[in-house]
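Reading through the structure tokens given below for one structure.
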Amino acid sequence: MANATTRRPRPKYLSLPALLFEIRLPLPGWVSILHRISGLMLFLAIVWMLYLLDRSLASEDGFEAVRRYAGLLPVKLSLLVLIWAFCHHFFAGIRYLFLDLDKGVDLPTARLTSWAVLAASLALTAWLGAKLW
Amino acid sequence: MVERVVTGAHYGLRDWLAQRITAVIMAVYTVIVLVVLINGVPISYAVWTDLFAQGWMRVATLLFAASLAWHAWVGMRDILMDYVKPAGVRLALEVAVLLVIAGTLGWTVQILWR
């Protein structure tokens, strides 16, 4: 009969320090959680974006007002974060479409495409930011 | 691999598929609009309104908005199912998401055909 004292002690992996410092999310996991976070951010930004589109098309004054508004530092930073969210969601989404087709499923390729997604979204964000302001 | 039908009972496959089809539609729209804007002249009010005055742009933007509505619904529902456990709170949040989506879709039509 099994004795409780003979059981091997369970590892305490889910302590807070373990979660913070010992268990590392693998790279494709980072792409995944960022895909979810960026998607949430984009949803929350829909109303704001639509408001800006509405004003920019409504009148020339509105267009200039939106342009001035987009030049304010906090607005500019928020828009840059949203542009990054869009780019990340875009590239990571394309990666998932290929994974659905069983392309790039092996670990070395999955890691490589994860790096590619992170790099491409940051690069495109920087380029669009430079282009816009 | 299990063969499943796309229509019929709610296996979740329809939403899974819709998520991907709407994603492709939005990706194509994004690339087209980006190319149009990047290659064009500096964006003034006239250029901006001319772009949205064209029929193809209005229809394409409407397709984008409709795709976004469906895509965002599936995505937000996934997030709510994963993190919000009390059924009442989750239902309330799902209704809120649907109201926002329906409202913004109507607003988009209003903006495009003003």
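Quick look at the numbers
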quantity	calculated
For chain A, calculated [θ]222 nm from helices alone, where every DSSP H run of n ≥ 4 adds -39500 (n - 2.57)	-26000 deg cm²/dmol
Ranked list, fewest to most other Cβ atoms within 10 Å of each Cβ, for A:102, A:61	A:102, A:61
For B:56, A:127, order by how many other beta-carbon atoms lie within 10 Å, fewest first	B:56, A:127
Shielding by other protein chains, B:68-75, mean Cβ within 10 Å	3
Helix-only mean residue ellipticity at 222 nm for chain B, each DSSP H run of n ≥ 4 adding -39500 (n - 2.57), per residue, nearest 500	-28000 deg cm²/dmol
Principal semi-axes in Å for chain A [√(5λ), Cα gyration tensor, largest first]	43, 19, 13
Cβ charges +1 (Lys, Arg) and -1 (Asp, Glu), total dipole of region A:26-132, debye	240 debye
Radius of gyration, Dmax [chain B; alpha carbons; angstrom]	17.8, 55
Folded to 0 to 90 degrees: helix B:55-83 orientation relative to chain B principal axis, Cα	30 degrees
For region B:30-97 versus region A:77-99, the gap between their alpha-carbon centres in whole angstrom	14 Å
Residue (of B:21, B:66, B:46) at the positive-pole extreme of chain B, dipole from beta-carbon charges	B:66
Cα long-axis angle, helix B:13-39 against chain B (0 to 90 degrees, to the nearest 10)	20 degrees
Least to most buried among A:113, B:49 (fewest other Cβ within 10 Å first)	B:49, A:113
Evaluated at q = 0.16 Å⁻¹: base-10 log I(q)/I(0), Debye formula over Cα of the protein assembly as shown	-1.39
Kyte-Doolittle at least -1.0, axis length at least 27 Å by Cα - qualifying DSSP helices, chain A	A:27-58, A:73-100, A:107-132
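The numbers here are math on the coordinates, done by the rules we state, and not lab data. Please read all numbers here as calculations on a predicted model, not as lab measurements. Heads up, the Cβs are rebuilt from the backbone with ideal geometry, glycines too, and the neighbour counts pull from every protein chain shown.
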